[in-house]
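Since the structure comes first, as structure tokens, the remarks are kept for the end.
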Amino acid sequence: MTVDLILKEAKIYIGNRVIEAGIAINEGRIFKVAKETNLPSASEKINLSGMLVLPGVIDVHVHLRDQELSYKEDFYSGTCAAANGGVTLVVDMPNNKPITMNSETLKERMEIASRKIIVNVSFYSAFPQDIGEIKQIIHTGAKAFKIFLSHKVGGLDPNDEDKVISAFKEVASANIPIAIHAEDGIFLRKKIEEIGNRDDIDAYLEVHSVEAEVRGIMRAIRLMRESGAFAHICHVSTSEGLKAILREKARGLPVSCEVTPHHLLLSKKDLKKIGNIALVNPPLRPLSDVSYLQWALGKGLIDIVASDHAPHSLKEKDSSSVWDVMAGIPGIETTLPLMLTMVNRGQISLSDLVRVLSENPSRIFGFKGRGQIAEGFYADLVVVDLKREWTIDSSEFYSKAKFSPFDGWRVKGKPVKTFVNGTLVMDEGEIAAKPGNGKIIGWVKRI
């Protein structure tokens with residue numbers, strides 16, 4: 001037979017090791033991995049000249065914006081940014097305008113996205129006001145639910161304990177994850193009252209403190225115990241918070257966690273130096289927390305690294321009052337390069353990188369046939385040049401958000417080709433596919 005495409009003269013990460021071989025791709029899936037002499041004939045061949053092929057990154061924490069927030073980002077710009085960063089599948093957060101919180105808003109969002117996306121996209125939903133709608137939202141295609149314990153997003157008041165537990169139980173029956181922004185809202189509001197009229201970065205750090213996160217995580221744990229739901233704790237930023245999660249995992253509680261590259265690599269000192277551009281939520285932490293997160297990553301204690309790609313306009317990042325600054329940074333184009341740099345520095349192994357960027361996201365969120373290089377799996381692949389050194393320059397981002405706290409960083413390791421469902425979508429920084437190339441990946445029973 002003749003397959004669609006062969007990637008030849010490659011180094012391939014497969015089965016926890018790197019081999020020299022080629023990949024035959026047919027009808028969007030990996031047909032065979034073998035020495036070139038053992039591969040079938042192909043309609044097209046691409047010589048990778050010894051570069052490394054990894055499973056495409058699955059980023060489970062992305063704000064693609066669009067609709068009434070398209071001035072910040074839209075499905076096309078956001079998924080072009082994903083392709084440029086070696087990301088082949090993103091999971092879109094629900095705090096949009098309108099909020100994704102029922103089957104109608106989810107359908108509308110999926111229909112708009114289907115015409116624009118370059119890479120594959122799945123969707124979170126916020127909780128609806130009527131818990132009875134949860135099953136319909138799932139069957140419409142939501143891959144997971146998201147709740148902010150810090151404030152109300154969607155139809156469910158996070159402070160209504162009984163209703164939250166009922167909603168969690170409903171989701172638990174479908175065996176899909178609930179992603180939790182774990183900051184305690186009551187504690188946050190109390191601290192805001194205490195600080196009075198202060199509006200500097202120190203005031204922000206005092207409100208969004210370590211205690212706010214730990215209290216939020218402990219509440220999330222209580223909710224899981226009461227409901228039996230599987231929870232994914234987003235953007236853990238503190239050693240104390242991570243230790244609390246690890247204790248519960250050791251006791252068998254169904255919970256996973258993620259960290260972001262900015263919490264792994266930047267500290268409170270960087271926030272003070274860079275200013276509003278580096279303002280994220282939860283905020284950057286002391287170096288002791290950064291060091292602990294890096295140690296935990298290398299020890300296999302962190303499940304997922306996700307970008308929390310949160311684009312804003314530059315105007316929204318510029319204010320004399322910290323309370324008027326939009327928290328968040330565009331991170332989808334820098335996640336893989338920063339992680340490859342950690343590999344090159346010996347801070348993490350290549351297997352660590354693949355585990356937290358591809359394998360675990362696929363397993364935890366139920367992306368069957370994705371997240372690793374194996375025969376029969378979808379050909380979602382990123383080709384990286386591990387030796388290429390370059391400087392991050394946000395003015396060259398595909399994202400509409402042209403800023404980054406990593407501007408000027410010298411990194412080593414670069415995604416040079418991205419394949420989605422067997423199609424080349426990014427080649428040496430150029431987008432090579434048309435809008436609509438990506439697929440909407442809807443709900444299926446979690447692995």
Once amide H atoms are built 1.01 Å from N in the peptide plane, which residues 5 or more positions from residue 62, or in another chain, come under 5 Å H to H? 91, 93
Residue 395 and residue 152 label points (each 7 Å along its Cα→Cβ direction) are spaced in nm at 4.5 nm
List the residues of the stretch 165-205 whose backbone N lies under 20 Å from a point placed 7 Å from the Cα of residue 135 along the Cα-to-Cβ direction. 165-178
Positive-end residue, the stretch 340-447 charge dipole about Cα centroid, Cβ charges, pick of 426, 413, 356: 356
Using a Förster radius of 30 Å, what is the FRET efficiency between residue 97 and residue 432 based on their Cβ-Cβ separation? Nearest 0.05, please. 0.45
Within straight cross-link reach of residue 135, meaning Cα distance under 26 Å, which lysines are found once same-chain residues fewer than 8 apart are removed? 97, 107, 143, 146, 152, 163, 169, 368, 439, 445
Gaussian network model of the chain, springs between alpha carbon atoms under 10 Å - residue of 363, 251, 388 with greatest fluctuation: 251
Fewest-first ordering of 391, 37 by Cβ atoms within 10 Å yields 37, 391
Among 93, 339, 218: highest mean-square fluctuation, GNM of the chain, C-alpha pairs under 10 Å: 218
Express in whole angstrom the spacing between the alpha-carbon centres of the stretch 129-166 and the stretch 172-208. 19 Å
Over the stretch 57-365, calculate the relative contact order: mean separation of alpha carbon pairs under 8 Å at least 6 apart, over the residue count, as a percent. 18 percent
Separation between the residue 163 and residue 193 pseudo-spin-labels, each 7 Å from Cα along Cα→Cβ, expressed in nm? 2.2 nm
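So what's the back-of-envelope 222 nm ellipticity for the chain, counting only DSSP H runs of four-plus at -39500 (n - 2.57) apiece and dividing by all residues, rounded to 500?
Helices in the chain give a 222 nm mean residue ellipticity of -8500 deg cm²/dmol.
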For residue 2 and residue 249, what is the calculated FRET efficiency with R₀ set at 60 Å and r taken between the beta-carbons, to the nearest 0.05? 0.80
From the residues 113, 260, 192, which one has its Cα farthest along the dipole of the chain in the positive direction, the dipole being from +1 and -1 charges on Cβ of Lys/Arg and Asp/Glu about the Cα centre? 260
Least to most buried among 315, 11, 272 (fewest other Cβ within 10 Å first): 315, 272, 11
What is the sum of charges around residue 6, taking Lys and Arg as +1, Asp and Glu as -1, for the other residues whose C-beta is under 13 Å from the C-beta of residue 6? 0
GNM, the chain, Cα, under 10 Å: largest mean-square fluctuation among 84, 96, 197? 197
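Provide the percentage of antiparallel DSSP beta bridges, counting only those with both residues in the chain; round to the nearest 5.
On the way: 33 of 67 bridges.
Counting DSSP beta bridges with both partners in the chain, the antiparallel share is about 50 percent.
Report the extension gain between residue 222 and residue 173 in nm, rounded to one decimal, defined as 0.36 nm multiplied by the number of residues separating them, less their alpha carbon distance.
Working: separation 49, 0.36 × 49 = 17.64 nm, distance 1.78 nm.
Length gained between residue 222 and residue 173: 15.9 nm.
Throughout, read-outs are computed from the coordinates displayed, never taken from laboratory work. Please read all numbers here as calculations on a predicted model, not as lab measurements. Here Cβ is always computed from backbone atoms with ideal geometry, including for glycine, and neighbour counts include all displayed protein chains.
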